[in-house]
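Read-outs throughout are calculated quantities, based only on the coordinates presented, and are distinct from any laboratory measurement. As the structure is a computational prediction, the values presented were derived from the model and not from experiment. Backbone-built Cβ (ideal geometry, glycine too); neighbour counts: all protein chains shown.
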Amino acid sequence: MSLTEEQQDLRDAVRGLLAAGGDERSLWRRLCGEVGVAGLAIPGRYGGAGAGPAETGVVMEELGRDLTPSPLLGSAVLAAQALLASGDDAACRRLLPAIAGGSATAALAWTTRAGHWDCGEVACEAREARGGHWQLSGEAHHVLDGDAADVLLVAARAPGGVGLFEVDPGQRGVDRAAVTAMDPTRRLAVVRLAGARGGRVGEDAVGALSRARDLACLALAAEQVGAARRALELTVGYTLTRVQFGQVIGSFQALQHRLADLHVLVESAGSLSRAAVSGPDDAPALGLRAAAVKVYCSEVLMRAAAEMIQLHGAIGITWEHPAHRYLKRAHGAMHLFGRPAQHAAAIAASLIDR
């Protein structure tokens, strides 16, 4: 599937800003101020652009090309979409305009150390306190940009089932710490709550979490496609300059076959990613598409990163070369929002139920 003219303009604008460089904060400010990336999938009534997953995917693919650190996935996709899906209009009106404008970032504290991202398996507990407030305790892991977020949403088990809660990250009882992850370009944190005060957001937290995870999988898949495509480009470029036995290694037929196979995989992943964001928006269909792209794009990026290292030879395992960064991104992204085996099992279960 090809991009529309507007999506091509969006891609070119983002790519131009990324090429200009800059530190992470200034780059994020420019992406939000000049392109409005944080508000793409947020409705206009909440300060966003009212676009959708397809436009978010265009940006994520560009961010994935050079593994650009950004709070887009954790803030504008995962947390913001959970907030939108909660159906709490008052909370959306209060929190989303700043998130859409990029002046505030949000984080969703959800999963346990195991990182299953299961709607029924949350890391925190909530109990009702006086005055209609809640007290939350627990330790959430793999929290995207959780150490510096201005808005903190917490999925917690309450007496009536899983709920979604807004917690002031600056209060006593909230401890946030960045963790050293395999992928240094992806900021993850552990959020510990010890009787922290929170307010409930919406009623259907399980539905909100499920939808947010599915949309995050779509965005992550686009990022994986961008990373895989760039890894292939760099590898092809290297094989056209590296000389062995008196000729460039790109002239060896065995390597040409490997690169041709990889090209097919990357292009098919891109087609699947773009098709997935244009399908029906109902929960069952969205969930299956999200599971499919999570499985396939994870495997394609892993293959592209592995081939990148192998075909670069010795230089591919040096710290100075970017190949190891793509392999680390591939490993980290594969486990984010549920392992591929979990999503494959969900697809299999849906087929059996039919």
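Annotations for the structure displayed:
- Residue order, fewest to most beta carbons within 10 Å, for 315, 249, 347, 99: 315, 347, 249, 99
- The protection proxy used here, the mean number of other Cβ atoms lying within 10 Å of each residue, ranks peptides 126-133, 267-274 as follows, highest first: 267-274, 126-133.
- A Gaussian network model of the chain, with springs between Cα atoms under 10 Å, assigns the largest mean-square fluctuation among 165, 245, 337 to 245.
- Full-extension gain in nm, residue 350 to residue 267, via 0.36 nm per residue minus C-alpha separation: 27.2 nm
- In plain terms, the chain from residue 89 to residue 282 could stretch by 67.4 nm, reckoned as 0.36 nm per residue minus the Cα-Cα distance.
- Angle in degrees between helix 53-65 and the longest Cα principal axis of the chain, rounded to the nearest 10: 50
- Amide N proximity, segment 138-161 versus residue 24 label position 7 Å along Cα-to-Cβ, cut-off under 12 Å: 144-149
- Relative exposure of 297, 124, 32, judged by other C-beta atoms within 10 Å (fewest first): 32, 124, 297
- For the chain, a crude dipole built from +1 on the beta carbon of Lys and Arg and -1 on the beta carbon of Asp and Glu, taken about the Cα centre, is about 580 debye to the nearest 20.
- Approximating the spin labels as points 7 Å out from Cα along Cα→Cβ, the residue 341-to-residue 178 distance works out to 3.2 nm.
- Rounded to 10°, Cα long-axis angle of helix 89-101 versus longest principal axis of the chain: 30
- Helix 340-353 vs. the chain, principal-axis angle (Cα, 0 to 90°, nearest 10): 70
- Segment 326-347-segment 265-311 distance, computed between alpha-carbon centres (Å): 11
- With one equal scatterer per alpha carbon and no solvent term, the Debye-computed log10 I(q)/I(0) for segment 5-101 at 0.23, 0.24 1/Å reads -1.19, -1.27.
- Under the convention that each Lys and Arg Cβ holds +1 and each Asp and Glu Cβ holds -1, the size of the dipole of segment 5-101 around its Cα centre is about 360 debye.
- Rg/Rg_globular for the chain, with Rg_globular taken as 2.2 N^0.38 Å and Rg from C-alpha atoms: 1.01
- Taking 0.36 nm per residue of separation and subtracting the current Cα-Cα distance, fully stretching the chain between residue 114 and residue 206 would add 31.2 nm.
- Global form of segment 207-353, assessed from the alpha-carbon gyration tensor, a/c cut-off 1.5: prolate
- Sequence of 164, 327 once ranked by neighbouring C-beta atoms within 10 Å, starting from the fewest: 327, 164
- Most positive-pole-ward Cα, 133, 149, 101, against dipole of segment 99-174 from beta carbon charges: 133
- Our coupling estimate for segment 300-311, obtained by passing each phi through the Karplus curve with A = 6.51, B = -1.76, C = 1.60 and θ = phi - 60°, is 5, 5, 4, 5, 5, 5, 5, 5, 4, 5, 5, 6 Hz, Gly and Pro reported as x.
- Long-range HN-HN contacts of residue 142 with modeled amide H, under 5 Å: 189
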